[in-house]
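The values are calculated or read from the model by the stated rules, or taken from the named source; none is laboratory data. The structure presented is a predicted model; accordingly, all values stated were derived computationally and were not measured. Cβ placement follows ideal geometry from the backbone for every residue including glycine, while neighbour counts extend to all protein chains displayed. Note: areas computed on protein heavy atoms with side chains; ligands, DNA, RNA excluded. Shrake-Rupley method; radii C 1.70, N 1.55, O 1.52, S 1.80 Å.
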Amino acid sequence: MAKREEMWERLGGTVDVLIIGGGINGAGIARDASRRGLKVAMLEMNDLASGTSSASSKLVHGGIRYLEQLEFSLVFESVSERRILLDIAPHLVNPLGFLFPVYKTSRRGLTTINAGMWLYEGLSLFRSPKRHRTLNPKDIAREEPALDISNVKGAPLYYDCSTDDARLTLESAVDAAHTGAVIATWTKVTKLLRDKNQRVIGVEAQNTFTGEKKKVFGHAIINATGPWTDRTMSLGSKSAKEQRAGVLRPTKGVHLVVKREKLPVNNAVVCFHPEDKRVLFAIPWGDHTYVGTTDTDYQGDPAEVRAEREDIDYLLEVSNHHFREHQLEYDDVISTWAGLRPLVKPLGNEADMDESSVSREHQIIVGNDGLITIAGGKLTTYRKMSKEVVDTAVKLLRLSNQLPGHPLYDANTDREPLPGAQGWPADDDHERVAEQVKEVGGDNLTMESARLLANTYGMRGMDVARLVREDATLAERIDPERPELLAQVDFGVHEEFAATVTDVMERRTQLYYRSSDQGYDCCDKVGRRMQQLLGWDDARTEAQIKAYRERVDFARGWRQE
Ligand code: FAD
């Protein structure tokens with residue numbers, strides 16, 4: 001696979017579909033368009049999934065709470081996509097139990113909630129990962145011993161899925177690259193280029209590392225910049241009116257991560273905030289648990305979003321209210337993440353609507369200048385939204401006679417497995433894949449690391465294991481306390497466009513979230529390895545390590561407030 005630098009070199013000329021933004025939507029659109037046989041380039045100003053797409057609640061879900069808002073079509077669409085993602089990315093999308101406690105004081109009784117569960121499963125045509133059942137207080141105490149069950153009448157246990165949002169994005173982009181797309185990360189679109197009729201015909205792209213600029217032209221140009229949507233739409237537009245008008249109402253969501261022993265949950269536990277009664281989750285995450293999310297309006301620069309002290313207080317309050325024997329303190333918080341929901345502004349008097357009531361439905365907007373914008377939506381529905389965007393682009397290309405001479409293929413994104421799922425066992429036996437990975441890695445690889453590789457890379461875990469077998473030094477742990485290996489740095493650079501220390505620490509591995517010190521100490525090991533692989537000089541390596549530590553300090557800003 002071409003590394004990031006080679007992708008930059010390949011960028012230029014005219015493509016059929018030019019995508020701005022490398023989040024889940026950009027990656028999904030690139031995959032779909034490229035599989036149809038279109039010439040594709042995708043430009044991402046930072047790393048893949050560095051925006052909202054690594055800051056979600058990491059759920060592939062129908063969104064049971066949208067039933068209350070009567071958004072049946074959104075739920076139906078989401079549960080249908082959940083089924084497809086389970087099929088095309090079984091290594092990354094895993095069934096997860098959700099415990100929904102109903103209290104004596106709950107607004108809705110157990111019978112109503114149960115009816116909602118049936119409706120939820122009905123909308124999935126009874127193809128949810130597992131059928132729900134209702135637990136009585138005794139069963140709840142057995143299932144979730146940490147949960148305070150005073151006043152609980154019962155709790156349905158239903159099933160949705162968890163995922164690794166950043167890797168879902170990454171694998172979609174890798175697949176797009178395998179079918180010929182140019183995936184240019186660390187490449188910022190600084191200007192939209194227009195013809196004499198003001199139609200957008202291309203972009204000016206800047207290499208974030210060198211400052212070099214290039215012009216790239218596209219027959220169809222797609223704005224998939226999530227929370228940056230409005231900024232992208234007005235790039236290069238002169239009128240103040242155009243600059244003010246926006247389609248988004250972004251809201252901020254924060255999660256915090258603690259060690260599992262501090263908050264031991266076996267299922268995602270639905271928690272109601274004691275004050276405003278909003279629904280939050282405590283979600284099991286291997287040897288960690290995360291709690292989230294907040295939902296507050298945000299007007300600032302999307303690049304500057306981070307958890308603030310009041311977000312952390314809000315999350316600790318809900319957790320400590322429901323898990324009374326497991327009181328969490330600031331020092332228990334290992335890491336946090338904050339993201340912006342790129343929600344579409346509701347029509348009418350939006351100020352009257354609270355943040356959580358804004359619809360998660362998506363919109364595809366074709367501007368008078370020809371720019372196609374995708375706004376809103378969910379991670380769960382990215383594949384279908386991407387297909388709709390490419391359908392729209394193809395329609396416009398046909399209308400303007402700009403389709404390539406050869407016929408277009410079916411993208412089949414609903415059937416074709418993502419790269420790590422190719423060869424994945426039909427019975428979804430993760431442990432068997434881990435054993436195969438271990439066998440490939442041989443004595444150099446521990447079973448703990450083999451499991452991590454299987455669950456992270458799916459069948460591509462064998463490729464990482466092969467690196468370890470061929471070079472025992474790559475079996476070194478990055479953080480001595482954790483199973484991530486130096487081989488993952490090599491794989492990240494050679495196969496997954498990793499170009500900075502932060503790319504590796506935060507999104508190729510999850511050391512940023514899971515290491516007790518957020519990888520503050522061990523990140524220099526990653527920097528040194530990248531220096532060897534990418535030919536960095538000492539100054540650049542030091543700058544990279546420093547940039548990573550600054551990133552950690554920035555995210556920990558709430559501790560100083
Ligand atoms: P992004 O991931 O933000 O991607 C946009 C990209 O554009 C960024 O990477 C950015 O760097 C790039 N970009 C911006 N400007 C430029 C430029 N000028 N040049 C080049 N690149 C540029 N959905 C679910 O289904 N399940 C969940 O559990 C869930 N939980 C959520 C929890 C929270 C707190 C939030 C905030 C969202 C959640 N969502 C969830 C929604 C989901 O995460 C988002 O809908 C989705 O990630 C948006 O993806 P995107 O590609 O549109 O945006």
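Which residues, counting only those in the stretch 266-307, are under 19 Å from Val318 (Cα atoms), outside any strand (DSSP E or B), in contact (Cβ under 8 Å) with a residue 24 or more places away in the chain and more than 10 Å from the ligand (Cβ to nearest atom)?
First pass over the stretch 266-307, keeping only residues under 19 Å from Val318 (Cα atoms): 266-285, 288-296, 307.
Those left that are additionally outside any strand (DSSP E or B): 266-267, 273-278, 293-295, 307.
With in contact (Cβ under 8 Å) with a residue 24 or more places away in the chain added as a condition, the list becomes 266-267, 273-275, 277-278, 293-295, 307.
Of everything in the stretch 266-307, those that are under 19 Å from Val318 (Cα atoms), outside any strand (DSSP E or B), in contact (Cβ under 8 Å) with a residue 24 or more places away in the chain and more than 10 Å from the ligand (Cβ to nearest atom) turn out to be Asn266, Asn267, His273, Pro274, Glu275, Lys277, Arg278, Ala307.
Among the numbered criteria (1) without any contact (Cβ under 8 Å) to a residue 40 or more places away in the chain; (2) part of a helix (DSSP H, G or I), which single criterion is violated by Leu315?
(1)
Restricting attention to the stretch 84-140, which residues are among the acidic types (Asp, Glu) and farther than 21 Å from Val60 by Cα?
Filtering the stretch 84-140 for residues among the acidic types (Asp, Glu) gives 87, 121, 139.
Asp139 - this is the single residue of the stretch 84-140 that is among the acidic types (Asp, Glu) and farther than 21 Å from Val60 by Cα.
I'd like the full set of residues that are of a type in the set (S, T, N, Q) and either in a loop (DSSP other than H, G, I, E, B) or at pLDDT below 90 (or both), limited to the stretch 104-136.
Of the stretch 104-136, the ones of a type in the set (S, T, N, Q) are 105-106, 111-112, 114, 124, 128, 134, 136.
Result: Thr105, Ser106, Thr111, Thr112, Asn114, Ser124, Ser128, Asn136.
Residue-by-condition table, conditions (1) within 30 Å of Tyr120 (Cβ to Cβ); (2) within 13 Å of the ligand (Cβ to nearest atom); (3) touching a helix residue (DSSP H, G or I) at 6+ places or on another chain (Cβ under 9 Å); (4) not in a helix (DSSP H, G or I):
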{"position": "Lys138", "(1), (2), (3), (4)": "yes, no, no, no"}
{"position": "Leu157", "(1), (2), (3), (4)": "yes, no, yes, yes"}
{"position": "Asp160", "(1), (2), (3), (4)": "yes, yes, yes, yes"}
{"position": "Leu168", "(1), (2), (3), (4)": "yes, yes, yes, no"}
{"position": "Ser172", "(1), (2), (3), (4)": "yes, yes, yes, no"}
{"position": "Gln198", "(1), (2), (3), (4)": "no, no, no, yes"}
{"position": "Glu204", "(1), (2), (3), (4)": "no, yes, no, yes"}
{"position": "Gly211", "(1), (2), (3), (4)": "no, no, no, yes"}
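Restricting attention to the stretch 532-561, which residues are of a type in the set (S, T, N, Q) and within 20 Å of Asp521 (Cβ to Cβ)? Before the answer, list the steps.
Kept after step one, since they are of a type in the set (S, T, N, Q), are these residues of the stretch 532-561: 532, 541, 544, 560.
Correct list: Gln532, Thr541, Gln544.
Failed condition for Arg82, given (1) within 16 Å of the chain's Cα centre (by Cα); (2) open to solvent by 10 Å² or more (accessible area, probe 1.4 Å), with all others met?
With respect to (1) within 16 Å of the chain's Cα centre (by Cα); (2) open to solvent by 10 Å² or more (accessible area, probe 1.4 Å), Arg82 is out only on (2).
If I filter the stretch 363-385 down to residues being away from the ligand (no atom under 11 Å from the Cβ) and polar (S, T, N, Q), which single residue comes out as nearest to Asn25 (Cα to Cα)?
Gln363
Do any residues in the stretch 31-49 that are farther than 18 Å from Asn207 by Cα and of a type in the set (Phe, Trp, Tyr) have Cβ atoms under 7 Å from those of residues that are at pLDDT below 95 and open to solvent by 10 Å² or more (accessible area, probe 1.4 Å), where the two are at least six apart or on different chains, and which pairs are they?
Listed pairs, sorted by first residue: none to list.
Give the stretch 288-313 a look and list any residue that's farther than 30 Å from Glu481 by Cβ and either open to solvent by less than 10 Å² (accessible area, probe 1.4 Å) or not aliphatic (A, V, I, L, M) (or both), or say none.
First pass over the stretch 288-313, keeping only residues farther than 30 Å from Glu481 by Cβ: 295-304, 310.
Selection gives Asp295, Thr296, Asp297, Tyr298, Gln299, Gly300, Asp301, Pro302, Glu304, Glu310.
Inspect the stretch 471-494 for any residue being touching a residue at least 60 places away in the same chain (Cβ under 8 Å) and touching a helix residue (DSSP H, G or I) at 6+ places or on another chain (Cβ under 9 Å) and give the result as yes or no. Working first, answer last.
Looking only at the stretch 471-494, we keep the residues that are touching a residue at least 60 places away in the same chain (Cβ under 8 Å), and these are 493-494.
So of that shortlist, the ones also touching a helix residue (DSSP H, G or I) at 6+ places or on another chain (Cβ under 9 Å) come out as 493-494.
Yes; the residues of the stretch 471-494 include at least one that is touching a residue at least 60 places away in the same chain (Cβ under 8 Å) and touching a helix residue (DSSP H, G or I) at 6+ places or on another chain (Cβ under 9 Å).
Kindly list the number of the only condition in (1) over 30 Å from Gln363 (Cβ atoms); (2) open to solvent by less than 10 Å² (accessible area, probe 1.4 Å); (3) in contact (Cβ under 8 Å) with a residue 60 or more places away in the chain that fails for Val102.
So the condition that Val102 fails would be (3).
Would you point out the residue of the stretch 215-234, among those that are in a strand (DSSP E or B) and surrounded by fewer than 17 Cβ atoms within 10 Å (Cβ to Cβ), that is farthest from the ligand (Cβ to nearest atom)?
First, the residues of the stretch 215-234 that are in a strand (DSSP E or B): 215-223.
Now narrow it down to the ones that are surrounded by fewer than 17 Cβ atoms within 10 Å (Cβ to Cβ): 215, 217.
On the way: Lys215: 14, Phe217: 16 Å.
Looking at residues that are in a strand (DSSP E or B) and surrounded by fewer than 17 Cβ atoms within 10 Å (Cβ to Cβ), I get Phe217.
Please determine, by comparing only the residues of the stretch 129-181 that are open to solvent by 20 Å² or more (accessible area, probe 1.4 Å) and of a type in the set (Ser, Thr, Tyr), which one is nearest to the chain's Cα centre (by Cα).
Ser162
For the stretch 39-56, which residues satisfy the criterion of being within 20 Å of Leu396 (Cα to Cα) and open to solvent by 10 Å² or more (accessible area, probe 1.4 Å)?
First pass over the stretch 39-56, keeping only residues within 20 Å of Leu396 (Cα to Cα): 39-42.
Within the stretch 39-56, Lys39 is the sole residue that qualifies.
Inside the stretch 418-429, can you point out the residues that are open to solvent by less than 40 Å² (accessible area, probe 1.4 Å) and in contact (Cβ under 8 Å) with a residue 24 or more places away in the chain? Let's see the steps before the verdict.
Taking the stretch 418-429 first, the residues open to solvent by less than 40 Å² (accessible area, probe 1.4 Å) are 418-421, 424-425.
Selection gives Leu418, Pro419, Gly420, Ala421, Trp424.
Residues checked against (1) modelled with pLDDT under 95; (2) within 25 Å of Thr163 (Cβ to Cβ):
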position	(1), (2)
Ala375	yes, yes
Thr380	no, yes
Lys395	yes, no
Gln402	yes, no
Gly420	no, yes
Val437	no, yes
